[in-house]
Amino acid sequence: WGRHRCVLRSRETPWEEVKIGGGAPPIRTPEGWLQIYHGKGRGQVYSLFTLLLDLDEPWRVIRQGREPILQPEAPYETQGFFPNVVFSNGMVRKDNGDLLIYYGACDETACLLETSVDEVLETLR
């Protein structure tokens, strides 16, 4: 405790120009620690982004996704208590490389995005 470091700040993009926030704990991949985080952008819209951190120095950003991997689109993501919001809650990496990303929508719904580690890492290339 007490040795905090700023790892990332919001960027001047339509998707995260207001603020960013942490999400699910990162998972280890051969390329680095894979992190899913949320950004708040124009119109009070929250989206999900990818980030890759160094395995040995996890405060060092290796790569950052240029665009969101998930934006509010479905009615349960765009209409609700807090509309146009998706935020990550957890990730599970399965032995076969599948990746389950649990996320909340509109502060009232729990959701699941099924993808693969390779597909998510591809967003960082």
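The values are calculated or read from the model by the stated rules, or taken from the named source; none is laboratory data. Computed from a predicted structure; not experimentally measured. Using ideal geometry, Cβ is built from the backbone for each residue, glycine included, and neighbour counts are taken over all protein chains shown. Keep in mind that these areas ignore ligands, DNA and RNA; they rest on the heavy atoms of the full protein, side chains included. Shrake-Rupley method; radii C 1.70, N 1.55, O 1.52, S 1.80 Å.
Taking a ≥ b ≥ c as the square roots of the eigenvalues of the Cα gyration tensor, the stretch 3-47 is prolate, since a/c reaches 1.5 or more and a/b is larger than b/c. Temperature 10 °C, viscosity 1.306 mPa s: under these conditions the Stokes-Einstein estimate for the stretch 2-125, based on its Kirkwood radius over C-alpha pairs, is 108 µm² per second. Find out how many positive minus negative residues lie around R5, taking Lys and Arg as positive, Asp and Glu as negative, among other residues whose Cβ is under 11 Å from that of R5. Overall, the nearby charge balance is +1. Using a 1.4 Å probe over the heavy atoms of the protein chains, calculate the carbon and sulfur portion of the accessible area of the chain as a whole percent. Carbon and sulfur together cover 49 percent of it. For the peptides 8-15, 20-27, the ranking by packing is 20-27, 8-15, with the highest mean count of neighbouring Cβ atoms within 10 Å listed first. Add +1 for every Lys or Arg and -1 for every Asp or Glu among the other residues with Cβ under 15 Å from the Cβ of L100, and state the total. With Lys, Arg at +1 and Asp, Glu at -1, the neighbours total -3. Comparing Cα centroids, the stretch 40-71 and the stretch 1-38 end up 5 angstrom apart.
Please list 3J(HN,Hα) in residue order for the stretch 14-21, calculated via the Karplus relation 6.51 cos²θ - 1.76 cosθ + 1.60 where θ = phi - 60°; whole Hz, with x for glycine and proline. For the stretch 14-21, the Karplus curve yields x, 9, 9, 6, 7, 6, 10, x Hz.
Amide H contacts under 5 Å for V85: Y46, C106, restricted to partners 5 or more places along the chain or on a different chain, H placed in the peptide plane at 1.01 Å from N.
Annotation: amide H-H contacts under 5 Å for I69 (H modelled 1.01 Å from N, sequence separation of 5 or more, or interchain): L48, F49, T50.
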